[in-house]
Structures are given as structure tokens and as C-alpha cells.
Amino acid sequence: MDWLTEHKLPLGDWMEAFVDWLTLNAAGFFDAIAWTLESLILTIVDLLLWSPPALIMAAIAAIAWGLHRSVGLAAFVVASLLLIMNLGYWQEMIETLVLVLAATSLSIMIGIPIGILAAHRPWLYTLLRPILDLMQTIPTFVYLIPTLVLFGLGVVPGLISTIIFAIAAPIRLTYLGISRVPEELLEAGRAFGATPFKLLYKVELPAAMPNIMAGVTQCIMLSLSMVVIAALVGADGLGKPVIRALNTVNISQGFEAGLAIVLVAIMLDRICKTPGSREEA
């Protein structure tokens, strides 16, 4: 056993060497990504902060009503946003909302096509499964170290870490939904002469939509769980007051900021439920 411990595999050194190589040879590429993403996110944040809060409240309530036709949900959205404004966290809420929606959008844009491809290529999912397990189980703080080195301090390393942590949900649930489409539906589509693309668009995606939407909702919740951790590397939002409250043992500030995060999570969860499902709203 002493021999085993004395001959440690240099896995950490290999990873450090790989990150150093990326920093040395692809610094311009990562700087361009960081500048593009940060500029886009900050522009959206500034635009929303410039807009009257009442207009944003009305728009979100209208989206909730349009998707679910639920007066209770629309009223809850307005009441939650009014409470967040009353607590003094409107700007932080906007910053968190933009970060979460950006991470979720990028995760969906990448994750859903990969899930569809994996459902049609079982060998690909066999290859992806241990990678997805690793992405979801490795401590999230570990993501922050290489992303901080590659992208610098700010919102981008938090965004990239959030995507890595959350992208497994849409991949897994899209794969599950597509792979469980009844064979009878596929045979009926083929019998009517549907091409593979039409079969995917007309049969597989509609049948798998409940699973896909569950993946979207789960992705949003996972992204919100990274808000506080992303604040450690300079990401703005509701995570910063939580970190400040932790450092100063400020129970009042910690509770209020935590409550604001919970309200945002509930709103997004209810709005992103399968449209028309009033019982879930």
C-alpha cells in the first residue's frame, strides 16, 4: 500500500498542464468568447433595467397568462415581483434572470440536438452517459477553477460553469423522450411516406415534448442553484447579497436574498411547465 501511495498518478498535473496549454495557445479565442458573452448579457441587463419595472411585470404576467390561462399564476408573478422590488433586489433579480435564461437557452440549444442524436445513435449515449454522470456529480467549485483561468473574472466563468452543470438535464430527458416514442407512431409515419426529418418534426418531437419540457424546467432549476456559486467569481445577481450576508453573518440580508431566489425559481418553474396544464400551475 505504501508503494501505491508513493507512486501517485499525476492526474491533477496533467489537467493543469492542459489548462496552461489552452491559456497559452488559445487565449485570443477564449477572450473573444468572454467578450461576446459578457457584452451580450450586460446589454440585455441594461435594456431591462432601463425599461420601467411595471412594463416588465406586465410582460412576465402576460407570458404566464398566455401559456397557462391562469389568473392565479399571473397574480402570483406580479405579487412576487412586487415583493422583490420592495426588498430592494430588483436589479439583482434582473441580473440573475438574464444569467439563468442565458445559461438555459445555451444549454437547450446544445443539449436537445445532442439528446436527439443520442436517441437515434445508442452507441453515442453509451459514450455520453459516463461523461454526463461526471458533469453532474463533480463538485461545482471545481468547474470555477479552469473557467476562471480561461475566461477571467466576471459573469462569463459563472455562465460557462452553469452550462456545464445544467446541460446534462436536457440531454438526458430529450434522449428519454425520443427513445420512448411508441413504435406504432413511427410505423404510421413511415407508412405515410414521412422522411426522417418530417418523422422527427411531426411525430417524435410532439410525442417527446413532455419529457423535453421537464428537461427545460430541470435545467432552469439547476441554473438557479448555481447563482450563489457563480457570484464567487464575479457574476452579478442575487448570489452577491447572499455571499455578503454569509461573510457578515447577516441573517436578515441572507433571508431576504434567499427568498428572492426562491420566488424567481417558483415563477420560472410554473411558467415553464407544459403549456395548458393548469393543475401543475
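With n ≥ 4 as the cut-off for DSSP H runs, can you work out [θ] at 222 nm for the chain, using -39500 (n - 2.57) per run divided by the number of residues, rounded to the nearest 500?
Working: 16 runs with 230 residues, N = 281.
It lands at -26500 deg cm²/dmol.
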Revision key, fill the gap. Here the FRET efficiency for Ile33 versus Phe192, based on Cβ atoms and R0 = 45 Å and rounded to 0.05, is 0.55
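For region 5-158, what is the relative contact order in percent, using Cα pairs closer than 8 Å and at least 6 residues apart in sequence?
Working: 59 pairs, mean separation 50.3, N = 154.
So the answer I get is 33 percent.
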Study note, to complete from the structure: Expressed in nanometres to one decimal, the distance between label points 7 Å along Cα→Cβ at Asp269 and Met85 is 2.5
Check your understanding: Once P(r) over Cα pairs in 10 Å bins from 0, in percent is worked out from the coordinates, which option in (i) 6, 27, 32, 22, 9, 2, 1, 0; (ii) 6, 23, 30, 24, 13, 4, 1; (iii) 7, 32, 38, 20, 3, 0 does it equal?
Key -> (ii)
Exercise for review: May I ask you to derive the FRET efficiency for Trp50 and Phe255 from their Cβ-Cβ distance with R0 = 25 Å, giving the value to the nearest 0.05?
Suggested key: 0.25
Check your understanding: Which residue fluctuates the most in the chain, going by a Gaussian network model with Cα springs under 10 Å, if the choices are Ile60, Ile171, Ile251?
Key -> Ile251
Check your understanding: Out of Phe30, Met213, Trp50, whose Cα points farthest toward the positive end of the dipole of the chain (charges: +1 Lys, Arg; -1 Asp, Glu; placed on Cβ)?
Key -> Met213
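Leaving ligands, DNA and RNA out of it, report the carbon-plus-sulfur percent of the accessible area of the chain at a 1.4 Å probe.
70
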Point to revise | Pairwise FRET efficiency - Arg121 versus Ala17, Cβ, R0 = 35 Å, nearest 0.05 | key: 0.60
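Which net charge results for the neighbourhood of Phe151, defined as the other residues with beta-carbon distances under 14 angstrom from its beta-carbon, given Lys and Arg at +1 and Asp and Glu at -1? Don't jump to the answer; show the numbers that get you there.
Values: positive: none; negative: Asp31, Glu38.
Summing Lys and Arg as +1 and Asp and Glu as -1 gives -2.
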Study note, to complete from the structure: Heavy-atom accessible area of Asp46, protein chains in place, probe 1.4 angstrom, given in Å² to nearest 10, is 100
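Leaving out ligands and nucleic acids, note down the accessible area per residue over the chain with a 1.4 angstrom probe, in whole Å². Intermediate results must be reported in sequence, preceding the final value.
Numbers: 15470 Å² over 281 residues.
Value returned for the chain: 55 Å² of accessible area per residue.
Could you give the dipole magnitude of the chain about its Cα centre, charging the beta-carbon of Lys and Arg +1 and that of Asp and Glu -1, in debye to the nearest 20? Walk me through the intermediate numbers first.
Details: 14 positive and 20 negative charges, 182 e Å.
Result for the chain is approximately 880 debye, rounded to the nearest 20.
Rank these by accessible area, largest first, 1.4 Å probe: Lys240, Lys202. Mind showing how you got there, number by number?
Details: Lys240 70, Lys202 140 Å².
So, going from the largest accessible area down, we get Lys202, Lys240.
The values are calculated or read from the model by the stated rules, or taken from the named source; none is laboratory data. These numbers come from a predicted model, not from an experiment. In this analysis, Cβ positions are derived from the backbone assuming ideal geometry, glycine residues included, and neighbour counts consider all displayed protein chains. What goes into the accessible areas is simple: the full protein's heavy atoms, side chains included, and nothing from ligands, DNA or RNA. Shrake-Rupley method; radii C 1.70, N 1.55, O 1.52, S 1.80 Å.
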